[in-house]
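One structure is given here, and the rest of the page talks about it.
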Amino acid sequence: MASGVKPRVKAPKTASAGEVVTIKTLISHKMESGQRRDSDGNLIPRSIINRFTCDFNGTNALDVEMHGAISTNPYFEFDVTIPESGDLQFTWYDDDGSVYEDVKSVKV
Amino acid sequence: MGFSRRDTLALGAGAIALTALPLRVGAAGEDAIAAFTGGADVSEGGITLDAPEIAENGNTVPVGVSADGASAVMLLALGNPNPDVAVFNFGELAGSQTASTRIRLAGTQDVVAIAKMADGSFASATKNVKVTIGGCGG
(Lines give C-alpha, C1' and ligand atoms only; values in the text may rest on other atoms or scores of the structure.)
Protein backbone atom coordinates (compact mmCIF):
# COMPACT_ATOMS: atom_id res chain seq x y z
CA MET A 1 0.00 0.00 0.00
CA ALA A 2 1.99 2.96 1.24
CA SER A 3 -0.04 5.45 -0.79
CA GLY A 4 -0.99 8.73 0.76
CA VAL A 5 0.71 8.01 4.05
CA LYS A 6 1.28 11.32 5.74
CA PRO A 7 2.68 11.67 9.24
CA ARG A 8 1.55 14.59 11.34
CA VAL A 9 3.23 15.53 14.59
CA LYS A 10 2.33 18.18 17.10
CA ALA A 11 5.30 19.14 19.23
CA PRO A 12 6.33 22.43 20.86
CA LYS A 13 9.04 24.44 19.09
CA THR A 14 10.62 25.60 22.33
CA ALA A 15 10.99 24.12 25.79
CA SER A 16 13.01 24.79 28.91
CA ALA A 17 15.82 22.37 29.73
CA GLY A 18 14.50 19.24 31.38
CA GLU A 19 10.91 20.12 30.62
CA VAL A 20 8.44 17.33 29.97
CA VAL A 21 6.48 18.04 26.82
CA THR A 22 3.45 16.26 25.44
CA ILE A 23 3.71 15.05 21.86
CA LYS A 24 0.78 14.09 19.67
CA THR A 25 1.29 12.11 16.51
CA LEU A 26 -1.07 10.94 13.82
CA ILE A 27 -0.25 9.11 10.63
CA SER A 28 -2.74 8.44 7.88
CA HIS A 29 -2.78 4.74 7.20
CA LYS A 30 -5.69 2.40 6.66
CA MET A 31 -4.28 -0.25 9.03
CA GLU A 32 -5.93 -3.24 7.34
CA SER A 33 -6.31 -5.65 10.25
CA GLY A 34 -6.33 -8.91 8.30
CA GLN A 35 -9.73 -9.80 9.79
CA ARG A 36 -11.96 -8.18 7.21
CA ARG A 37 -13.30 -9.82 4.05
CA ASP A 38 -13.92 -8.27 0.66
CA SER A 39 -17.20 -8.54 -1.23
CA ASP A 40 -16.24 -12.02 -2.54
CA GLY A 41 -15.62 -13.32 0.96
CA ASN A 42 -11.84 -13.44 0.67
CA LEU A 43 -9.75 -12.26 3.59
CA ILE A 44 -8.07 -8.94 2.92
CA PRO A 45 -4.41 -9.44 3.86
CA ARG A 46 -3.06 -7.57 6.86
CA SER A 47 -1.29 -4.33 6.08
CA ILE A 48 -0.50 -2.23 9.10
CA ILE A 49 2.22 -0.15 10.64
CA ASN A 50 3.74 -2.52 13.17
CA ARG A 51 6.16 -0.28 15.02
CA PHE A 52 6.50 3.36 15.99
CA THR A 53 9.48 4.96 17.70
CA CYS A 54 10.25 8.39 19.01
CA ASP A 55 13.85 9.42 19.70
CA PHE A 56 15.38 12.66 20.86
CA ASN A 57 18.94 13.24 19.62
CA GLY A 58 19.34 9.49 19.24
CA THR A 59 18.05 8.58 22.70
CA ASN A 60 14.87 6.58 22.75
CA ALA A 61 11.76 7.97 24.40
CA LEU A 62 9.05 5.60 23.22
CA ASP A 63 8.94 2.43 21.18
CA VAL A 64 5.51 0.99 20.41
CA GLU A 65 4.84 -2.43 18.96
CA MET A 66 1.48 -2.42 17.20
CA HIS A 67 -0.92 -5.16 16.23
CA GLY A 68 -4.04 -5.32 14.11
CA ALA A 69 -6.22 -3.82 16.81
CA ILE A 70 -4.78 -0.33 16.46
CA SER A 71 -7.29 1.92 14.72
CA THR A 72 -7.04 3.38 11.25
CA ASN A 73 -4.79 6.45 11.22
CA PRO A 74 -2.79 5.47 14.34
CA TYR A 75 -2.71 8.21 16.92
CA PHE A 76 -0.35 8.43 19.88
CA GLU A 77 -0.04 10.91 22.68
CA PHE A 78 2.89 10.68 25.10
CA ASP A 79 5.40 12.69 27.11
CA VAL A 80 9.05 13.31 26.35
CA THR A 81 11.74 14.95 28.49
CA ILE A 82 13.70 17.58 26.58
CA PRO A 83 17.17 17.90 28.15
CA GLU A 84 18.71 20.16 25.47
CA SER A 85 18.11 21.65 22.04
CA GLY A 86 17.80 19.05 19.36
CA ASP A 87 15.63 17.01 17.08
CA LEU A 88 12.71 14.78 17.86
CA GLN A 89 12.75 11.96 15.38
CA PHE A 90 9.60 9.97 14.70
CA THR A 91 9.69 6.74 12.74
CA TRP A 92 6.89 4.44 11.63
CA TYR A 93 7.60 0.96 10.23
CA ASP A 94 5.11 -0.52 7.78
CA ASP A 95 4.42 -4.25 7.30
CA ASP A 96 5.53 -3.88 3.68
CA GLY A 97 8.95 -2.62 4.72
CA SER A 98 8.32 1.06 4.13
CA VAL A 99 9.58 3.47 6.74
CA TYR A 100 7.91 6.83 7.30
CA GLU A 101 9.81 9.54 9.12
CA ASP A 102 9.27 12.98 10.53
CA VAL A 103 11.60 15.31 12.43
CA LYS A 104 10.70 18.22 14.69
CA SER A 105 13.31 20.57 16.13
CA VAL A 106 12.96 21.78 19.68
CA LYS A 107 14.91 24.76 21.02
CA VAL A 108 15.75 25.07 24.67
CA MET B 1 -21.95 -26.11 5.05
CA GLY B 2 -24.20 -25.78 8.04
CA PHE B 3 -24.26 -26.55 11.71
CA SER B 4 -25.71 -29.85 12.75
CA ARG B 5 -28.07 -29.92 15.70
CA ARG B 6 -25.26 -31.35 17.83
CA ASP B 7 -22.81 -28.59 16.86
CA THR B 8 -25.36 -25.93 17.60
CA LEU B 9 -26.04 -27.35 21.04
CA ALA B 10 -22.32 -27.59 21.76
CA LEU B 11 -21.81 -23.99 20.65
CA GLY B 12 -24.72 -22.85 22.78
CA ALA B 13 -23.33 -24.66 25.80
CA GLY B 14 -19.95 -23.07 25.17
CA ALA B 15 -21.48 -19.63 24.91
CA ILE B 16 -23.34 -20.12 28.18
CA ALA B 17 -20.15 -21.28 29.88
CA LEU B 18 -18.39 -18.16 28.59
CA THR B 19 -21.04 -15.76 29.83
CA ALA B 20 -21.17 -17.52 33.18
CA LEU B 21 -17.50 -16.71 33.68
CA PRO B 22 -17.21 -13.08 32.58
CA LEU B 23 -13.69 -12.71 33.93
CA ARG B 24 -12.39 -15.75 32.15
CA VAL B 25 -9.37 -14.87 30.09
CA GLY B 26 -9.33 -16.44 26.65
CA ALA B 27 -6.58 -18.94 25.92
CA ALA B 28 -4.96 -16.62 23.40
CA GLY B 29 -5.05 -13.79 25.94
CA GLU B 30 -3.46 -16.02 28.56
CA ASP B 31 -0.70 -16.95 26.14
CA ALA B 32 -0.04 -13.30 25.35
CA ILE B 33 0.13 -12.43 29.04
CA ALA B 34 2.45 -15.36 29.76
CA ALA B 35 4.73 -14.35 26.88
CA PHE B 36 4.95 -10.82 28.27
CA THR B 37 5.39 -11.65 31.96
CA GLY B 38 7.33 -14.88 31.56
CA GLY B 39 4.90 -16.52 33.96
CA ALA B 40 5.59 -14.08 36.81
CA ASP B 41 2.82 -13.06 39.21
CA VAL B 42 0.76 -10.06 38.18
CA SER B 43 -0.66 -7.84 40.90
CA GLU B 44 -3.55 -5.40 40.66
CA GLY B 45 -2.98 -1.69 41.00
CA GLY B 46 -0.06 0.58 40.24
CA ILE B 47 -1.32 1.17 36.75
CA THR B 48 -4.20 3.25 35.45
CA LEU B 49 -6.17 2.32 32.37
CA ASP B 50 -8.41 4.99 30.89
CA ALA B 51 -11.09 3.69 28.60
CA PRO B 52 -14.66 4.72 28.01
CA GLU B 53 -17.41 2.74 29.70
CA ILE B 54 -19.42 2.71 26.50
CA ALA B 55 -17.82 3.03 23.09
CA GLU B 56 -20.27 3.71 20.31
CA ASN B 57 -17.88 2.80 17.55
CA GLY B 58 -15.59 -0.17 18.09
CA ASN B 59 -13.37 0.95 15.24
CA THR B 60 -11.78 3.70 17.23
CA VAL B 61 -11.90 3.51 20.99
CA PRO B 62 -9.65 5.98 22.82
CA VAL B 63 -7.61 4.34 25.57
CA GLY B 64 -4.82 5.64 27.75
CA VAL B 65 -2.41 3.93 30.10
CA SER B 66 -0.37 5.42 32.88
CA ALA B 67 2.01 3.50 35.13
CA ASP B 68 4.66 5.26 37.16
CA GLY B 69 7.96 3.44 37.06
CA ALA B 70 6.99 1.07 34.27
CA SER B 71 9.47 0.12 31.59
CA ALA B 72 6.84 -1.37 29.30
CA VAL B 73 3.07 -1.59 29.14
CA MET B 74 1.14 -4.15 27.16
CA LEU B 75 -2.44 -3.58 26.07
CA LEU B 76 -4.74 -6.52 25.39
CA ALA B 77 -8.30 -6.73 24.14
CA LEU B 78 -9.39 -10.13 25.37
CA GLY B 79 -12.51 -10.33 23.21
CA ASN B 80 -10.79 -9.61 19.92
CA PRO B 81 -9.97 -12.39 17.45
CA ASN B 82 -6.34 -11.52 18.11
CA PRO B 83 -5.99 -10.16 21.66
CA ASP B 84 -2.70 -8.31 21.08
CA VAL B 85 -3.17 -4.57 20.76
CA ALA B 86 0.12 -2.84 21.45
CA VAL B 87 3.22 -2.83 23.61
CA PHE B 88 4.58 0.51 24.74
CA ASN B 89 8.28 0.45 25.62
CA PHE B 90 9.31 3.58 27.49
CA GLY B 91 12.83 4.79 26.79
CA GLU B 92 15.30 6.84 28.77
CA LEU B 93 13.78 10.16 27.75
CA ALA B 94 10.14 9.28 28.33
CA GLY B 95 8.72 12.23 30.24
CA SER B 96 6.24 10.02 32.04
CA GLN B 97 5.04 6.47 31.66
CA THR B 98 1.87 7.63 30.01
CA ALA B 99 0.57 7.03 26.53
CA SER B 100 -2.75 7.08 24.78
CA THR B 101 -3.94 5.79 21.47
CA ARG B 102 -7.05 4.55 19.70
CA ILE B 103 -7.85 0.89 19.32
CA ARG B 104 -10.33 -1.45 17.66
CA LEU B 105 -12.66 -3.61 19.71
CA ALA B 106 -14.69 -6.40 18.16
CA GLY B 107 -17.42 -6.17 20.78
CA THR B 108 -18.17 -5.62 24.44
CA GLN B 109 -15.22 -7.01 26.34
CA ASP B 110 -12.47 -6.50 28.89
CA VAL B 111 -9.46 -4.41 27.98
CA VAL B 112 -6.37 -5.27 30.01
CA ALA B 113 -3.20 -3.29 30.55
CA ILE B 114 -0.18 -4.97 32.08
CA ALA B 115 2.81 -2.92 33.17
CA LYS B 116 6.29 -4.30 33.54
CA MET B 117 7.86 -2.29 36.34
CA ALA B 118 11.51 -1.32 36.42
CA ASP B 119 12.07 -3.70 39.36
CA GLY B 120 10.76 -6.65 37.34
CA SER B 121 7.32 -6.94 38.91
CA PHE B 122 4.09 -6.75 36.96
CA ALA B 123 0.88 -4.84 37.58
CA SER B 124 -2.37 -5.01 35.73
CA ALA B 125 -5.62 -3.10 35.32
CA THR B 126 -8.78 -4.27 33.62
CA LYS B 127 -11.67 -2.28 32.30
CA ASN B 128 -14.88 -3.50 30.72
CA VAL B 129 -15.85 -1.55 27.62
CA LYS B 130 -19.31 -1.85 26.13
CA VAL B 131 -19.17 -1.59 22.36
CA THR B 132 -22.26 -0.66 20.37
CA ILE B 133 -20.86 -1.34 16.89
CA GLY B 134 -17.98 -3.78 16.66
CA GLY B 135 -14.79 -2.86 14.89
CA CYS B 136 -13.90 -5.99 12.99
CA GLY B 137 -15.50 -5.45 9.62
CA GLY B 138 -18.42 -7.81 10.17
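The values are calculated or read from the model by the stated rules, or taken from the named source; none is laboratory data. Predicted, not measured: the structure shown is a model, and the values here were computed from it. Heads up, the Cβs are rebuilt from the backbone with ideal geometry, glycines too, and the neighbour counts pull from every protein chain shown.
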Being more than 8 Å from chain B (Cβ to nearest Cβ), out of contact with any Phe, Trp or Tyr (no Cβ under 6 Å at 6 or more places or on another chain) and assigned to a strand (DSSP E or B) narrows A:Glu77, A:Glu101, A:Glu84 down to just A:Glu101
*Yes/no for B:Ser124 being more than 17 Å from the chain's Cα centre (by Cα) and in a strand (DSSP E or B)*: no
task = Would you check if A:Gly34 is facing another protein chain (nearest Cβ under 9 Å), without any contact (Cβ under 8 Å) to a residue 60 or more places away in the chain and on the phi > 0 side of the Ramachandran plot?
result = yes
Residue hits (the range A:54-67; facing another protein chain (nearest Cβ under 7 Å) and in contact with a strand residue (DSSP E or B) (Cβ under 8 Å, 6 or more places away or on another chain)) are A:Phe56, A:Asn60, A:Ala61, A:Leu62, A:Asp63, A:Val64, A:Glu65, A:Met66, A:His67
The residue from B:Ile133, B:Ile54, B:Ile103 that alone is aliphatic (A, V, I, L, M), modelled with pLDDT of 90 or more and surrounded by fewer than 19 Cβ atoms within 10 Å (Cβ to Cβ) is B:Ile54
The residue from B:Ala77, B:Ala113 that alone is of a type in the set (Gly, Ala, Ser), within 12 Å of the chain's Cα centre (by Cα) and either over 19 Å from B:Gly38 (Cα atoms) or within 8 Å of another protein chain (Cβ to nearest Cβ) (or both) is B:Ala77
Only one of B:Thr60, B:Thr48, B:Thr37 is more than 10 Å from chain A (Cβ to nearest Cβ), in contact (Cβ under 8 Å) with a residue 24 or more places away in the chain, of a type outside the set (Gly, Ala, Ser) and under 20 Å from A:Phe78 (Cβ atoms), namely B:Thr48
